[in-house]
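Below: the structure, in structure tokens.
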Amino acid sequence: MPTLRVFAPYESVLVRARLGYGGELSRIESAVLRAIVELWQKRTAEMESSAIERKTGVGLNKLVNLFSLGGRVTLELIFDLWRRGHITLDLQHAMVAPTQAAVDAFSANGSQVLGSGEFKMEDFEVWLDRVSGHLTGRTGVPVPPDDQLKVPVDAMFDASTLGVSGGAVLKAVRECLVEQQQAAQDRNAARHRGRDVRVMETRLVPDHDRPAVPGRAWYPIDVTVHRHPNNDEIRVVVPPSAGRTPAQCERAGRLLTAFVEQRPNHTFSRRLLAAVSTSLSDPPTLDHNIGLLERLLVDAVTALAGTRTSLHSQLVESVETIRRQIEERIEGEAKAEAVQSVTDYRKAVHEVIGTAHRQVVLIASVLHYDGLVELLTPLREAIGRGAQIVLLWGRDHFAVIDPQVQRVFEELKLHAVAQHLGASAVVMSSRPAKINVNAVVADNRAALLGSFPYLGRANSESNPLGVVITNPGHQDCEPIEAMLRWVRRTMPDSRTASAVLCRGRDFETADESRPEQADHVSWSDLPTELEQDVAASDAVVRAWAQAWGRCLDEARNVLALRRLPSVTLVEDSAHRDALWDGIRAAKRQVVIASQRLTTTASSRRLASLLQEQLDVGVRGDVFYQYPHREARQMVDLLSGLVRTSNSRFALHQVQSNFRALISDDDVVISNFDFLSHEGFYRGPASRKPPVELGLRISGSAFAGQVAQLLGAQAVPRSRSKIESAPPVSNRSDLVVALDGCPATDVSGRARLVAEAVRTVGADRVLEELVDAGVSGDVLQIAAALVVRGGLAAPDDRVRKWSLWLVDELWSSKRFPEAWLLRRAVPWSALPLSMATAAALSGTAGVAQAVESAALELSESASASAALIAFSSAQLLAWPVEQDQGVPSAVAYQLREVLAYLADTGVAPCWKQLAAVLAEESAEADSPGVLKVVRRWAALRKRETERVKAWEHLSAAFSQAEAMTFNFESGLKTHGHLFHHNGFFGGLRTAIESRDAKEVARWAGRPELGDLPDLVDTTTKEVAGMLRNSNIVADKRRVYINRLETLREAAQQLVILTAQQADPGSERQHDVVRPLVAEVTKLWPELHVELADQRAPERHLTEYALSAIREIAEWGRA
């Protein structure tokens, strides 16, 4: 999808940082501390040999006289060492003594392990994005290159430091330090770097110390602009980048979309609309990026010489993006529990408030005495524990606080004064915040958000839906702290906002100890680039591709070990985007729950999109409480889906206030009415609708739990068959050791499990592993150790785990191992003939095995469908490594089996697939349909790359030709080289006429081997008589770099042009085209029928369909 680079306004923000120097003691610190240690040891020895009791330590005056540094410098050194914990102070007697750690370090000659205590305070200018809230320390540009691509400085873009986390400030200061160090090295490359600088503490400079007018710079941000093909809806998307978090990218895209919708005639809006694409791309989710990496890995295996360098860069970017998304997903992990009834909701509110030690935040769209007085007791108890109370209230712009409510808060203030906290412990704004949010937050420990107005009247709506998220036990909990930062941003006045605590360290208590951060992922190093792209052997390329495949496996293993869901915020119009993206991206289930059904948000477009998803097998449910009087036509449309969806869609009218969205494993719970509110506003800014906030809970089994609470049919997740119990707090030594062993070290993990089985027994090990919720590969090792040696006389335990191991190996598509074990486990439900056929996949014996299985299992429609899918995959996707294609005898026998299975009781789509392949000519068998598809895909990709190479060459030539000089020697040299008869001038005609042969001839000239010599020789020829005949060094370096870029672009084009298509490939393409068209047409129906198959047959069908997926995708393209 083409991207457009725009420039966002950043404002300067001053940050005061405490900087420490080096990772070890400086020389003077080491000398002073060594003197303290030695003098202290001497005094201690004298005291032990004397009967007189004296104070141990070293006097400050003695140190001043010993080093002659002066009293002030010596005191500063002593303070630095004391602050780092290397010495202790006796202020009464003016003496110092070393700590035991310092004594041990000097006794073992290991003083380098002691950290330096030297520091200084310094102010840094960092930059805040007014659009997304991104904070950076990197330098921007003072003036954007194109005014039309400049994001306007508008009141809509109101990001401030109130929403900036402490980690973002620390990262920005570190970026400033990196740029300063690089600039210093560029100024004097020979100068010694000196000691490393580390950031010890950061804080924002107070407002009164900041400049009255902040500085402004512009930073690039890539966006894509989409227009839905069926209507005029515009959407601006900011893809994930290395600097911005997904939440910041989502916020930037949402605000830019709102700007274009509200001000379409603005110059910036017109520039965005000029780059619009009439399609909607898939959202850049983690699953989407993993799928992209899988496609890149397929390309890596068959990458052509000369293209692997660019492919390596794409792989690096893809893997780094996936790793960053996984780390952010881990950072957002929290425990989640859904609440439904009014009783449970009020009980959850009390429990959340009861966990607070420092702060309780009440967020309410409606404020009434009845709801508030019920919480008076838990709020008084929270104040008694030292917590402050914060209130964010009001849905209407002209709302006022009722006098009775005001008296309740006055009573809480008096109680705070009695507890010696002061009246400021109750924080509330006098103005409404215009919010449609109901939530309560306790410290960073727990939060409750949902559709129930708990501070409203006592007889409020019944049957709400909410979610309680709980800190899993870490010092920081990003989802809850993000809610607190949202409270600070939304608070109507800055004085009240500044009183809201929002950082993890603000909630520390003396009586508990929590880890500083969540589990840290240690990633393996990325594969290195091929040293010789063109000359690399096939074995080297395969090893390189396999190394990248291990990176994908590592990411999947990390995800498989996660047991908690990840929680992120959904704000304002992001609810609308979540609705449409959730429906489009769903693979198994979509559930939409809303209070009202109106024509504003519900339309024929919604019905048609649901119909498209139902046609490919997605389960759908829509819940609503009452329809708008004009929405009867929409109800009829949805009712029509119920009649035509073959029981895959249901419409529920319920007497409940459910507001939620479920898309596969993602759940959005909010007070946002999905089917009655568009999520955006095109009117005057003063009449904007209230602010919305929701929580997106991704992963785990939470989606299924919420679907059951709503009354929808939960579609099972396609994960491991054994449901893992939730993680327990007292983890065994084996589980801890497995966490420390990399997921890619299979042999190491096997040794750990085998040692544990030998020590404590297999039963206990399996019990610990299941309770801890470890991944399936570890359970397979433990189960194999249980089964080994027990199959001759099996007991119940061996039978249970042997059945599980057969099913697990089969569901993991490890067919040869499953077949071997199935032969020894006759009590398994897996048909042995089917297991034999699957194990012989891609071999000469597969046809005979499939024929035997077909004769045995033909009475089962599910088994027959699976064998049709498997046989089709063998014919269409015979292993590409075997260049001769499908052996003729194997192909003939497989077609006979397909003709036989087409007459069994399978679904029509399977009958048609079997009939098409049974009648297909044998001409398509060599080299095979999949290989032909991949050849043509590579050819099409090569053509695209060749077009890009021409564009790159043209751009490189224009950049080199546009080089300017302000001295005569440079002007003459450049003019001579780029004259139409000059060395580079002849390339201009070849580029304009797209003459690849002329470019190849030019790229083969020997002068290109040494461009610096070419430039110097030309300068001597044309400017040798000038007084100053040399080109300035800096200009010469830049000039040669541009010429080298031009040379590399020409050489890359020559490589791509030299690779010609196989003359017979066009004939092969014509042969397989009709067959691919038939498979593509049947593809949606095959996936729909897949959901109706039983487990053993379904896994074989999944394997077969995944093998021919590439063919179907190519057919759609």
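Worth pointing out:
- Scope segment 39-64; condition in contact with a Phe, Trp or Tyr (Cβ under 8 Å, 6 or more places away or on another chain) and either small (Gly, Ala, Ser) or at pLDDT 80 or above (or both); matching residues: GLY57, VAL58
- Counted residues, segment 885-907 - those being touching a residue at least 12 places away in the same chain (Cβ under 8 Å) and either of a type in the set (A, V, I, L, M, F, W, C) or closer than 24 Å to ASP1092 by Cβ (or both): 15
- Counting the residues of segment 354-386 that are under 32 Å from the mean Cα position of the chain (by Cα) and part of a helix (DSSP H, G or I) gives 0.
Listed here are the residues, each with its yes/no results for (1) within 22 Å of VAL1054 (Cβ to Cβ); (2) of a type in the set (A, V, I, L, M, F, W, C); (3) in a helix (DSSP H, G or I).
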{"position": "ALA949", "(1), (2), (3)": "yes, yes, yes"}
{"position": "ALA956", "(1), (2), (3)": "yes, yes, yes"}
{"position": "ASN966", "(1), (2), (3)": "no, no, no"}
{"position": "HIS979", "(1), (2), (3)": "no, no, no"}
{"position": "PHE983", "(1), (2), (3)": "yes, yes, no"}
{"position": "ALA990", "(1), (2), (3)": "yes, yes, yes"}
{"position": "GLU998", "(1), (2), (3)": "yes, no, yes"}
{"position": "TRP1002", "(1), (2), (3)": "yes, yes, yes"}
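- Some residue of segment 608-626 being of a type in the set (Asp, Glu), farther than 30 Å from VAL440 by Cβ and in a loop (DSSP other than H, G, I, E, B): no
- Failed item in (1) buried (at least 21 other Cβ atoms within 10 Å of the Cβ); (2) assigned to a helix (DSSP H, G or I), with ALA303 passing the rest: (2)
- Note on segment 109-158: among residues that are acidic (Asp, Glu) and in a loop (DSSP other than H, G, I, E, B), the one that is modelled with the lowest pLDDT is GLU118.
- Selected residue (criterion: farthest from ARG495 (Cα to Cα)) from residues of segment 423-438 that are hydrophobic (A, V, I, L, M, F, W, C) and at pLDDT 85 or above: VAL437
- When GLU951, GLU992 are checked against the criterion of being without any contact (Cβ under 8 Å) to a residue 12 or more places away in the chain and either closer than 24 Å to ALA303 by Cβ or surrounded by 17 or more Cβ atoms within 10 Å (Cβ to Cβ) (or both), a single residue qualifies: GLU951.
Yes/no matrix, rows are residues, columns are (1) buried (at least 21 other Cβ atoms within 10 Å of the Cβ); (2) out of contact with any Lys or Arg (no Cβ under 7 Å at 6 or more places or on another chain); (3) modelled with pLDDT of 75 or more:
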site: VAL774; (1), (2), (3): yes, yes, no
site: ASP777; (1), (2), (3): no, yes, no
site: ARG788; (1), (2), (3): no, yes, no
site: LEU791; (1), (2), (3): no, yes, no
site: ASP796; (1), (2), (3): no, yes, no
site: SER811; (1), (2), (3): no, no, yes
site: SER828; (1), (2), (3): yes, no, yes
site: SER860; (1), (2), (3): no, yes, yes
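- Residue list for segment 312-334, restricted to those being surrounded by 20 or more Cβ atoms within 10 Å (Cβ to Cβ) and more than 13 Å from the chain's Cα centre (by Cα): HIS312, LEU315, ALA334
- Among (1) crowded, with 17+ Cβ neighbours inside 10 Å; (2) of a type outside the set (A, V, I, L, M, F, W, C); (3) modelled with pLDDT under 85; (4) part of a helix (DSSP H, G or I), the one test that ARG1047 misses: (3)
- Residue within segment 677-691 that is at pLDDT 80 or above and under 34 Å from the mean Cα position of the chain (by Cα) present: yes
The values are calculated or read from the model by the stated rules, or taken from the named source; none is laboratory data. Please read these numbers as outputs of a predicted model, since none were measured by experiment. All Cβ positions, glycine included, derive from the backbone under ideal geometry; neighbour counts span all protein chains shown.
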